[in-house]
Amino acid sequence: MSKVLISYKKKQNESPYLRSWIQSDIIHLVKKHIEHPVWPEMRNFIPPLRGTGPSLFSSNHLSNRRHLVKVTGFHAVHNYTVYGSVRDADCHLLVEFTPQCVAEFERHHNIRLTSNTINTIFLIGGATLKYLPVYELRRSDKWVVNICVDPQIPVIPILVVEECSAFDLDQVETRLRFPYVYSLHEFVSIFHQT
């Protein structure tokens with residue numbers, strides 16, 4: 001008998017806490033910011049985490065879909081800043097974990113940020129959205145990633161994370177492939193309209 005996939009199982013998310021937000025929220029901001037003469041930084045794009053210990057996992061934090069991401073890889077460590085990739089339920093985004101964030105994570109969890117945390121869901125906060133010129137991405141040793149960026153795109157958005165904590169250490173790995181937001185047609189088409 002052939003295997004039949006019921007529609008609700010075709011795209012089954014590995015965690016009910018990991019929801020889609022990168023594509024819609026990032027594309028919305030890029031559409032707004034493309035009109036500006038300078039690409040602005042968005043401080044507290046993801047609000048700071050309030051509290052410590054169990055209070056970090058309050059309904060306020062868990063209800064904001066931007067607070068939860070899955071770490072999918074680390075590219076480099078430079079001057080105590082960790083460069084990597086995260087994703088939501090649908091696509092990837094480049095990320096920087098600041099030295100303060102890394103130190104707090106390692107002190108709280110007693111493990112290195114980069115040690116056995118790939119495919120871990122992180123609770124993040126105090127994150128700034130900034131725009132990185134594509135030429136810096138290509139010539140930098142901080143980002144060891146092969147992303148095909150359209151030549152019309154001058155900058156890409158990345159997250160700079162000030163706070164993080166391991167939320168789900170199950171490290172469930174999915175067989176599905178997730179694109180970077182930078183390669184999505186909806187993102188690329190913004191730069192072809194100008």
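Reported count of residues in segment 125-146, each being of a type in the set (S, T, N, Q), in contact with a strand residue (DSSP E or B) (Cβ under 9 Å, 6 or more places away or on another chain) and within 30 Å of Phe167 (Cα to Cα), is 1. Select from segment 4-42 the residues that are aromatic (Phe, Trp, Tyr) and either part of a helix (DSSP H, G or I) or within 22 Å of Gly125 (Cβ to Cβ) (or both) and write down the one among them that is modelled with the lowest pLDDT. Step by step, filter segment 4-42, then rank; the result is Tyr8.
With the structure loaded, tell me whether Val71 is crowded, with 17+ Cβ neighbours inside 10 Å, β-branched (Val, Ile, Thr) and in contact with a Gly (Cβ under 9 Å, 6 or more places away or on another chain) or whether it fails that test.
yes
Quick one: count up the residues across segment 97-133 that are part of a strand (DSSP E or B) and of a type in the set (S, T, N, Q). Give the steps one after another, and end with the answer.
Of all residues in segment 97-133, those part of a strand (DSSP E or B) come to 97, 121-125, 127-133.
Still in the list and also of a type in the set (S, T, N, Q): 128.
Final tally of qualifying residues: 1.
Of all the criteria given as (1) without any contact (Cβ under 8 Å) to a residue 40 or more places away in the chain; (2) under 15 Å from Val82 (Cβ atoms); (3) buried (at least 18 other Cβ atoms within 10 Å of the Cβ), the one not satisfied by Ser165 is (1). Looking across Val149, Val144, Val134, one residue alone is exposed (fewer than 13 other Cβ atoms within 10 Å of the Cβ), within 18 Å of the chain's Cα centre (by Cα) and more than 21 Å from Ile46 (Cβ to Cβ). It is Val144.
Listed here are the residues, each with its yes/no results for (1) touching a residue at least 60 places away in the same chain (Cβ under 8 Å); (2) in contact with a Phe, Trp or Tyr (Cβ under 9 Å, 6 or more places away or on another chain).
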site	(1), (2)
Phe105	yes, yes
Ile111	no, yes
Ser140	no, yes
Leu176	yes, no
Pro179	yes, no
Glu186	yes, no
Gln193	no, no
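Every condition in (1) farther than 23 Å from Ser24 by Cβ; (2) surrounded by fewer than 21 Cβ atoms within 10 Å (Cβ to Cβ) is met by Asp90 except one, and the failing one is (1). Among the residues of segment 168-185, those that are surrounded by 13 or more Cβ atoms within 10 Å (Cβ to Cβ), at pLDDT 90 or above, not small (Gly, Ala, Ser) and not in a strand (DSSP E or B) comprise Phe178, Pro179, Val181, Tyr182, Leu184.
Going by the structure shown, is Leu137 in a strand (DSSP E or B) and closer than 24 Å to Val38 by Cα? Walk me through how you get there before you give the answer.
Details: in a strand (DSSP E or B): no; closer than 24 Å to Val38 by Cα: yes.
When the stated conditions are applied, Leu137 does not pass them.
Looking across Phe45, Phe57, one residue alone is under 24 Å from Thr117 (Cβ atoms), at pLDDT below 70 and not polar (S, T, N, Q). It is Phe57.
The values are calculated or read from the model by the stated rules, or taken from the named source; none is laboratory data. Here the structure is a predicted model, which means the values were calculated and not measured. We place every Cβ from the backbone using ideal geometry, glycine too, and count neighbours over all the protein chains shown.
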